[in-house]
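Below you'll find the structure, written out as structure tokens, and then a few comments.
The values are calculated or read from the model by the stated rules, or taken from the named source; none is laboratory data. Quantities reported herein were computed from a predicted structural model and do not represent experimental measurements. A quick note on method: Cβ atoms are made from the backbone with ideal geometry, for glycine too, and the neighbour counts reach across all protein chains shown. Heads up: the accessible areas ignore ligands, DNA and RNA and are worked out on the full protein's heavy atoms, side chains in. Shrake-Rupley method; radii C 1.70, N 1.55, O 1.52, S 1.80 Å.
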Amino acid sequence: MTSAVFVDRDGVLVEDKGYVHKIEDFRMILNAVEGLKLLKHYKLFIVTNQAGLGKGIFTIEDFNKFSIHLLNELGKHGIRIEKMYFCPHKPEDNCECRKPKAKFLKDAEKEFKIDLKKSFVIGDRKSDFEMGRSVGCRTIHVLTGDGIKHKNEVNPDYFAKDLIDAAEWVIENDKK
């Protein structure tokens, strides 16, 4: 069993402009690439809620194009994402895959032989931490995206100013 790092997409990796799905709106968060580079020895996953799909704001084709663009950009820097898990449902659908439910973490645990108790979740919203905590992952709240706005709603294992700070904390605390 191996440890992994599960990262939220919008507000952590890419700028969150509300239902971001157009390649022309693609902007990486400052220090996101550099932070992921520090985590290259971990299995990396993206876990994202994409209610814009369920609300009909954008199509699965739009989402796939944006996702491929993101993964290609990360790949240019030698960053490998094992898998991107996404929930296409609206919050009111009460599905099994929308964060804070931990379906995708449990799926990764089985598919990639991940030890969730030795893994980390990095996000900027309460649902990220609730998801991680529910299965024993350590949680990091980044103050990018909506992180500052939601800071008082969460009690993570660590508050990080950005993804570099989060990555350094993961590396330092991995064996503890």
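Summary table
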{"quantity": "Pick from segment 1-21, criterion among the β-branched types (Val, Ile, Thr) and part of a loop (DSSP other than H, G, I, E, B), ranking: surrounded by the most Cβ atoms within 10 Å (Cβ to Cβ)", "calculated": "Val12"}
{"quantity": "Residue within segment 115-127 that is aromatic (Phe, Trp, Tyr), under 11 Å from the mean Cα position of the chain (by Cα) and within 18 Å of Lys83 (Cβ to Cβ) present", "calculated": "yes"}
{"quantity": "Sole residue being out of contact with any helix residue (DSSP H, G or I) (no Cβ under 8 Å at 6 or more places or on another chain), part of a loop (DSSP other than H, G, I, E, B) and open to solvent by less than 70 Å² (accessible area, probe 1.4 Å), chosen from Asp146, Asp107", "calculated": "Asp146"}
{"quantity": "Residues located in segment 128-153, provided they are at pLDDT 95 or above, under 20 Å from Asp16 (Cα atoms) and not aliphatic (A, V, I, L, M)", "calculated": "Asp128, His141"}
{"quantity": "Yes/no for Glu24 being open to solvent by 60 Å² or more (accessible area, probe 1.4 Å), farther than 30 Å from Gly136 by Cβ and acidic (Asp, Glu)", "calculated": "yes"}
{"quantity": "One residue from Ile171, Ile164 being among the hydrophobic types (A, V, I, L, M, F, W, C), open to solvent by 70 Å² or more (accessible area, probe 1.4 Å) and in a helix (DSSP H, G or I)", "calculated": "Ile171"}
{"quantity": "Residue match in segment 122-129 (condition: within 21 Å of Glu15 (Cα to Cα), out of contact with any Ser or Thr (no Cβ under 9 Å at 6 or more places or on another chain) and crowded, with 22+ Cβ neighbours inside 10 Å)", "calculated": "yes"}
{"quantity": "Matching residues, segment 54-72, being assigned to a helix (DSSP H, G or I) and either of a type in the set (Val, Ile, Thr) or out of contact with any helix residue (DSSP H, G or I) (no Cβ under 8 Å at 6 or more places or on another chain) (or both)", "calculated": "Ile60, Glu61, Asp62, Asn64, Ser67, Ile68, Leu70, Leu71, Asn72"}
{"quantity": "Any hit, segment 73-80, residues being over 17 Å from the mean Cα position of the chain (by Cα), surrounded by 17 or more Cβ atoms within 10 Å (Cβ to Cβ) and not in a loop (DSSP other than H, G, I, E, B)", "calculated": "no"}
{"quantity": "Any hit, segment 154-170, residues being among the polar types (S, T, N, Q), at pLDDT below 95 and under 17 Å from Leu13 (Cβ atoms)", "calculated": "no"}
{"quantity": "Selection count, segment 88-102, where residues are open to solvent by 40 Å² or more (accessible area, probe 1.4 Å), farther than 20 Å from Glu61 by Cβ and in a loop (DSSP other than H, G, I, E, B)", "calculated": "5"}
{"quantity": "Subset of segment 1-19 [farther than 24 Å from Lys113 by Cβ and among the aliphatic types (A, V, I, L, M)]", "calculated": "Val12, Leu13, Val14"}
